[in-house]
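Undergrad: Once you've had a glance at the structure underneath, I'll fire off some questions.
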Amino acid sequence: MMAGGVRAVGWAAWVLLLCLALVWTVRIQVRDYLMTPPEMLTVQFKGGGQWVVLRDLGRDLAARSALWTDAPQLYIWGWQSPLFFYSGLDATSRHFFVDNLLKAYANSNHPLIRPRIDRIMRDLHAHPPALIFVGYPPFPELQTFLRERYLPSHLVGNEAQGYPLWVERAKYREFETYHSPARPR
């Protein structure tokens, strides 16, 4: 009889431990997932704060693109390619994602990079985009192109960091003062 009582207590302890583990797991799931906004899940657990910012900026660019009668284009010098997806804008050049080799040698006459830089500038001159986003410091030809045709938007960045978004001069004032209607979250 004594062995049966010890065995029953052992099973009861085992079931109690299992129930506590289950309750604790449910508590963690509710606290860390169900009670956390999706944006914070991305930021806290997936290291994706930059994706949340790019999504919001892309949606804002999509709303502001209504200022142009034709579909505006976007050129990105950097890794911020999600802007294409969230804004719905097309690229001017096929070289929209900057790799480390292109970034490192864009200021030189590197034999593998110079043709790519020339192609980028040829595409930009042939079809000047309405918007240019410079996630990396621009190479000299791009810097000259920006200064001649665009103005830096205050929508993103600040004076200390620089302004990565550039808007064509003809639409600059309208772009900067545009107020998009509130969209539901």
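No value in this document is a laboratory result; all are computed from the given coordinates. On a predicted model such as this, the values are computed, not experimentally measured, just so you know. Glycine gets a Cβ as well: all are built from the backbone with ideal geometry, and neighbour counts include every protein chain shown.
Undergrad: Once Cα extents along the principal axes in Å is worked out from the coordinates, which option in (1) 94, 46, 31; (2) 45, 35, 35; (3) 77, 50, 33 does it equal?
TA: Here the calculated entry is (1).
Undergrad: Sticking with this one: Taking 0.36 nm per residue of sequence separation and subtracting the Cα-Cα distance, how much length would be gained by fully extending the chain between L34 and W11, in nm to one decimal?
TA: Residue separation times 0.36 nm, minus the Cα-Cα distance, leaves 5.0 nm.
Undergrad: Rounded, prolate or oblate: which fits region 52-100 when a ≥ b ≥ c are the square roots of the eigenvalues of the alpha-carbon gyration tensor, with rounded for a/c under 1.5 and prolate only if a/b beats b/c?
TA: oblate
Undergrad: Something else now. Mind checking which of F175, W51, Y150 is farthest towards the positive end of the chain's charge dipole, using Cβ charges of +1 (Lys, Arg) and -1 (Asp, Glu) about the Cα centre?
TA: W51
Undergrad: Among all helices in the chain defined by DSSP H, which have a length of 30 Å or more along the axis from Cα atoms plus a Kyte-Doolittle mean of at least 1.0? Each step should come with its number before you reach the end.
TA: On the way: long enough: 2-29 (41 Å, 1.46).
Within the chain the helices that satisfy the rule are 2-29.
Undergrad: Calculate the spin-label point distance for Q161 paired with W51, positioning each point 7 Å from the Cα along the beta-carbon direction, and give it in nanometres.
TA: In this crude spin-label approximation the distance works out to 1.9 nm.
Undergrad: Could you give the dipole magnitude of the chain about its Cα centre, charging the beta-carbon of Lys and Arg +1 and that of Asp and Glu -1, in debye to the nearest 20?
TA: The calculated dipole for the chain is roughly 420 debye.
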